[in-house]
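Take a look at the structure set out below.
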Amino acid sequence: MMPNYWSLGILSLQYAIDTVFIMGIDGEKNNDSSFQLSLERVPEPPYFEKSIVEFLSFLIIFWQLFTLPCILHTVTNIASEKHSGMKAFLTVMGMQSSTFYIAHAVIGFIKAMAVLLSCTIMLLPEIQTISPWLFFSTNFIYGTGAVTFALLMSCIFHSPGAAAKGTAVIWIATIGLTRLKVAEGSALLNVILSLNLNYSFVCAYHAMQDYMNRDEYLGIYNMFENTTYIFPLGIALIMMIFDIVWMSLLAIYLDNVYPSGDLPRKEWFFFLHRSNSERQQCLFYDSSDAPSENIQEHEGDDQADIDIRHLTKTYAVIPAVDGMSFRAYRGEITVLLGHNGAGKSTTFSLITGLISPTSGSIYICGNRMESRSIGHCQREIGFCPQYNALFNLLTVREHLEMFRKLSNSRANCAMKLMKDIQLDNVADVVYLLYPSSYQLL
């Protein structure tokens, strides 16, 4: 391979130096017409990073495109569990939304890092001018950012199909925006473009390529020094971290104010309000408390753990629940009876916070259920849905332990419960292998 002396300016520089040197020694005896220049090859370092620099340009695109399947898998899994109601059910049982997203983020991060580290580990021994810690950290931050992007997309698109299509289009668009050429010195425009994770990722690797081309070492102590490209590596890494922060905050915000389906949503500026932890027992009396021959009066001083006042839920123009009022007292069993379509399931969904009411009030253990107190109310509730809320790869014991921990219960009663319902003989059998008769239990 011929050395690229001309493109790098080595020939011009060497010619100028030799000309000045000879003229300084011989004066005017030797002019340009009689001057002959002969060169030996410039010594090359024992490592060959020029080819790696070119390979990195391809590798950047490879990483961006092959991270997309990991992002799509994470987004569709989250959207599917939200669309099926599994997330809402687990939230009622005590799970925090952050726990749900973190679990999916960890799995998605492992998948993304499998793609990113496959080439990173092979390249590290061949790169001498870049700190291995910086090289690895860049991909580590990028993998975290890709997973955060997936969480954000799952909060924007609610159905699995729309989530997959929308995420693919937006991710490819962000890759396309990295091809924009920005004039040097446009610091503000560069910062704005770096709000795109892929743009800041490309800037980081272009900074590395710049140091590799100049055969200068890039480490932690000089990663903020100016380079010939848009950003120094240090600023590019800061922008990638900032991208993770703003995408995380936006995902949290959308999860609260723009939930999927008919889940209760918080106010637009919910983060400006103090959490409402005061007990708001319904003490006033209205028409629902008036004596009626169709209503049996409660005898005793027990507290009403569930107090429903004029509860209404309307879909379009059809009321599923129309002005319902009742109380369920502590220590008693209260049963809702009604024909198919009477609104029993809708009522339970309203009480548990799975859907938001059109009007009316719900009090759970003295706390009014509203957007700011729904989490506190749900911690007082145990709920068994009509649909299958079990996991195929968990055993009976693991199901009971999981729901016990979600509800923050310290009582270790899993074995007693299994004996009571005669499931102790299949305590360690996964749900997928249950006999059909046991699945109903």
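FYI, it's all coordinate maths here, none of it is from the lab. For clarity, every value in this text was computed on a predicted model and none was experimentally measured. Neighbour counts run over all protein chains shown; Cβ positions are idealised from the backbone, glycine included.
Here are some notes:
- 22 Å Cα-Cα threshold exceeded, pairs from LYS82/LYS266; LYS266/LYS313; LYS87/LYS405; LYS87/LYS266; LYS165/LYS313; LYS82/LYS416: LYS165/LYS313; LYS82/LYS416
- Proxy reagent accessibility, fewest Cβ within 10 Å first, across ILE130, ILE238: ILE238, ILE130
- Cα convex hull volume per residue for segment 44-172 (Å³): 91 Å³
- For ASN367, the residues whose amide H sits under 5 Å from its own are GLN280, ignoring neighbours fewer than 5 places away on the same chain, with H placed 1.01 Å from N.
- In plain terms, the chain from HIS310 to VAL335 could stretch by 7.2 nm, reckoned as 0.36 nm per residue minus the Cα-Cα distance.
- Under 5 Å from the amide H of SER325 lie the amide H atoms of HIS310, LEU311, each residue being 5 or more positions distant or on a separate chain, with H modelled from the backbone and absent for Pro and chain starts.
- Largest-first principal axis extents of the Cα set of segment 396-440 (Å): 30, 19, 16
- One decimal place: the segment SER84-LEU177 gains 30.0 nm when fully extended, by the rule 0.36 nm per residue minus the C-alpha distance.
- The overall shape of segment 50-257 is prolate: from the C-alpha gyration tensor, with semi-axes ordered a ≥ b ≥ c, the ratio a/c is 1.5 or greater and a/b exceeds b/c.
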